[in-house]
Amino acid sequence: MAQPFEDRIDYYCDRVAMKLDVALPASTERPERLHDAMRYAVFAGGKRVRPLLVYATGECLQADPALLDAPAASIELIHTFSLVHDDLPAMDDDDLRRGKPTVHRAYDEATAILAADALQPLAFSVLADIPSVAGSKRAALVRLLADACGSIGMTGGQSIDLAAEGKELSAEELEHMYALKTGALIHAAVMSACLLGDEVPEEEAVALDAFSRAVGVAFQIRDDLLDVEGQTEVIGKPAGSDVALSKATYPALIGIDESRARCTELLEACVAELDVFGERAEPLRWLARYIVERGN
Ligand code: GRG
């Protein structure tokens, strides 16, 4: 029987860390403080879920992992960029992220803004350099990531999130916001690997698209639940901040039990999408379960 995906997590995390290390300018390179802040943000101890989704999808499609390092690293750069901005005083004004002071606390607000601003173009530069891939596929990868972080993706979701503070959204509106704010990048992670797969049948691409959309919404509901039920020391960011900021969340709208039930429902739905792959999708099944059961 094949080794469980869990056994390869360290290997894949090392791969993406190496790619990120090569992509990021050294802290000794001018402007040193900016480069130091970028590295601080990227190597602060994140779970690397999005890169793992790239590699797990790649396993499912038997894609060459060497081709996946660039999308895995570029998506993590965009994710890190978003977290730095999300923590800023103008947004959630958080002091703690991944158990450490947020970038604007460890450095200063201007440096945090600039560090995040510099991580974004770096992500696209990494994608542009992806080796041995046809120009049309590179352009498709860039478009996928650009759409995922723009106004029809993560930035749009964040805008809806901020505008909804103190208001009540319907479940449909909430899921739309989750799909953009959190789901768009998760979708891009899975579909980047799909783009790099060799002649992926339409049926499999459709299944991965549906899988990633459901797991992205489940990821955010789990995040909401951790904010309510988790402890600051475990989740690495201030627990209870959604309530403090009067955020529109699933637990606030329908309560903890119903939110858990919706998460389980989405897990079942996304895992069912993977039937077409049989055993090959075991890594994605494992990650989907991890996403809805994780403790941080
Ligand atoms: C990045 C284009 C762009 C704009 C910024 C600030 C912003 C717009 C978007 C914020 C999006 C955001 C913070 C969504 C929340 C997603 C989420 C649940 C993050 C936590 O992800 P984890 O648990 O974090 O994977 P780690 O620390 O493990 O990496």
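State whether one or more residues within segment 72-86 are open to solvent by less than 50 Å² (accessible area, probe 1.4 Å), within 14 Å of the ligand (Cβ to nearest atom) and among the aromatic types (Phe, Trp, Tyr). There is at least one residue in segment 72-86 that is open to solvent by less than 50 Å² (accessible area, probe 1.4 Å), within 14 Å of the ligand (Cβ to nearest atom) and among the aromatic types (Phe, Trp, Tyr). Restricting segment 35-53 to residues that are more than 19 Å from HIS187 (Cα to Cα) and surrounded by fewer than 18 Cβ atoms within 10 Å (Cβ to Cβ) leaves a set whose member that is farthest from the ligand (Cβ to nearest atom) is ARG39. Of the helices (runs of 4 or more DSSP H) lying entirely inside segment 127-212, those carrying at least 2 residues that are of a type in the set (Gly, Ala, Ser) and open to solvent by 10 Å² or more (accessible area, probe 1.4 Å) are 135-149, 154-163. Consider segment 87-104 and keep the residues that are open to solvent by 60 Å² or more (accessible area, probe 1.4 Å) and without any contact (Cβ under 8 Å) to a residue 40 or more places away in the chain. The one that is nearest to the ligand (Cβ to nearest atom) is ALA90. For segment 139-154, state whether one or more residues are away from the ligand (no atom under 14 Å from the Cβ), touching a residue at least 60 places away in the same chain (Cβ under 8 Å) and within 20 Å of VAL54 (Cα to Cα). Yes - at least one qualifying residue is present in segment 139-154. Scanning segment 219-229 for residues that are within 11 Å of the ligand (Cβ to nearest atom) and open to solvent by less than 20 Å² (accessible area, probe 1.4 Å) returns PHE219, GLN220, ILE221, ASP224, LEU226, ASP227.
Yes or no, residue by residue, for (1) acidic (Asp, Glu); (2) more than 24 Å from THR249 (Cβ to Cβ):
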{"residue": "CYS194", "(1), (2)": "no, yes"}
{"residue": "GLU202", "(1), (2)": "yes, yes"}
{"residue": "ALA205", "(1), (2)": "no, yes"}
{"residue": "LEU208", "(1), (2)": "no, yes"}
{"residue": "ALA214", "(1), (2)": "no, no"}
{"residue": "PHE219", "(1), (2)": "no, no"}
{"residue": "ASP223", "(1), (2)": "yes, no"}
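Annotation note: Cβ proximity below 8 Å between a residue of segment 251-265 that is in a helix (DSSP H, G or I) and a residue that is hydrophobic (A, V, I, L, M, F, W, C) and open to solvent by 60 Å² or more (accessible area, probe 1.4 Å) (sequence gap 6+ or interchain) occurs for PRO251/VAL228; ALA252/VAL243; ILE256/VAL228; ARG262/ILE254. Candidates in segment 111-123 are the residues that are open to solvent by 50 Å² or more (accessible area, probe 1.4 Å) and out of contact with any Phe, Trp or Tyr (no Cβ under 6 Å at 6 or more places or on another chain); of these, the one that is farthest from the ligand (Cβ to nearest atom) is LEU114.
The values are calculated or read from the model by the stated rules, or taken from the named source; none is laboratory data. Just so it is clear, the model here is predicted, and its values are computed rather than measured. Every residue, glycine as well, gets a Cβ built from its backbone with ideal geometry; the counts of neighbours run over all protein chains shown. Just the protein is used for accessible areas: all its heavy atoms, side chains included, with ligands, DNA and RNA removed. Shrake-Rupley method; radii C 1.70, N 1.55, O 1.52, S 1.80 Å.
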